[in-house]
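Comments concern the structure below.
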Amino acid sequence: MSSRQLLIVWHSRTGAAKAMAEAAFEGARGAGDVRVLRACDADSDDVLGAGGYIFACPENLATMSGEMKEFFDRCYYPVLGKVEGRAFATLIAAGSDGAGAQAQIDRIATGWRLKRVAERLIANTDAQTPDEILAPKTLDEAILKQCREMGQALVTGLEIGAF
Ligand SMILES: Cc1cc2nc3c(=O)[nH]c(=O)nc-3n(C[C@H](O)[C@H](O)[C@H](O)COP(=O)(O)O)c2cc1C
């Protein structure tokens, strides 16, 4: 474990946020120390062992998805007061909005006293009808490129001690 390690924690129901997390991992790999974990597999030791974070999940019912929320519920108090000042960024997949999930993660990050080091990135998949919402998602290359760049920027910043 290293304080320069980037930890990417993700949840996804139909593939969009997973693709964002994987793209961030791809961008970070080779530029530094990075781990990617599904939210249900990540625990407070994983959070404490990293120096920075990318949280990736969909918006479901105007909130972050349940599995991602459960990760924060499990880890919030074991980690509170022990990660202050560490870097974070977010990747949100949404049908048309994403602001609710974004705001929830921002509030938790404020509680942990994390420092946002990359602009908010919300990918709107334009899923409106039940069939569209339940369908597997494919994201535009332009979005995936931004995710790769975010992963690379965070891991590089951690490597050089910029954050
Ligand atoms: C139960 C459920 C609730 C959803 N609620 C919202 C919502 O409140 N706002 C929104 O923009 N999209 C909503 N969506 C759409 C998803 O955020 C969108 O399809 C997103 O791309 C899914 O990401 P994923 O493929 O990583 O699961 C919802 C989807 C589901 C399945």
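Within the straight-line cut-off of under 15 Å between alpha carbons, the aspartates and glutamates reachable from LYS115 are GLU84, ASP106, sequence neighbours fewer than 8 places apart in one chain being disregarded. Averaging the sequence gap over all C-alpha pairs within less than 8 Å and six or more residues apart, then dividing by the number of residues, gives the chain a relative contact order of 32 percent.
For region 1-39, the residues whose amide N sits under 14 Å from a probe point set 7 Å from the Cα of LEU48 along the beta carbon direction are 1-3.
Name the residue from ILE105, GLN5, THR129 whose Cα lies farthest towards the positive end of the charge dipole of the chain, charges +1 on Cβ of Lys and Arg and -1 on Cβ of Asp and Glu. Highest projection toward the positive end goes to GLN5. From helices alone, the chain scores -13500 deg cm²/dmol at 222 nm; the rule is -39500 (n - 2.57) for each run of n ≥ 4 DSSP H residues, then divide by the residue total. Cross-link reach is defined here as a Cα-Cα straight distance under 20 Å, omitting same-chain residues fewer than 8 places apart; for LYS137 the aspartates and glutamates meeting it are GLU22, GLU26, GLU59, GLU67, ASP97, ASP126. Report the Cα centroid-to-centroid distance between region 118-163 and region 41-82 in angstrom, as an integer. Result: 17 Å between the Cα centres. For the chain, the Kirkwood radius over C-alpha pairs fed into Stokes-Einstein at 25 °C and 0.890 mPa s yields D = 160 µm² per second. Cα axis of helix 99-112 to longest principal axis of the chain: angle in degrees, 0 to 90, nearest 10? So the inclination is approximately 10 degrees.
The slack in the chain from ILE122 to ARG29, taken as 0.36 nm per residue of separation less the alpha-carbon distance, amounts to 31.3 nm. Could you pull out every residue, at least 5 positions away or on a different chain, whose amide H is within less than 5 Å of the one on ALA87? Hs are placed 1.01 Å off N in the peptide plane, and Pro or chain starts have none. Close amide H contacts, sequence-distant or interchain: TYR53, LYS115. The label point for SER3 and the one for ASP73, both projected 7 Å from the Cα toward the Cβ, are 3.3 nm apart. Report note on the peptides 67-74, 80-87: ranked by the mean count of other C-beta atoms within 10 Å, highest first, their order is 67-74, 80-87. From most to least packed by mean Cβ count within 10 Å, the peptides 45-51, 118-124 give 45-51, 118-124.
When a/c is below 1.5 the answer is rounded, else prolate if a/b is larger than b/c, else oblate, so apply that to region 92-163 with a ≥ b ≥ c taken from the square roots of the Cα gyration tensor eigenvalues. Taking the square roots of the gyration eigenvalues as a ≥ b ≥ c, region 92-163 is oblate. Among beta bridges from DSSP that stay inside the chain, the antiparallel ones total about 10%. Spacing of the modelled spin labels on THR138 and PHE163, each 7 Å from Cα toward Cβ, amounts to 3.2 nm.
Values quoted throughout were computed directly from the atomic coordinates according to the rules given, and no laboratory measurement underlies them. Remember, predicted model here, so these are calculated numbers, not experimental data. Ideal geometry is used to build each Cβ from the backbone, glycine not excepted, and the neighbour counts take in all protein chains shown.
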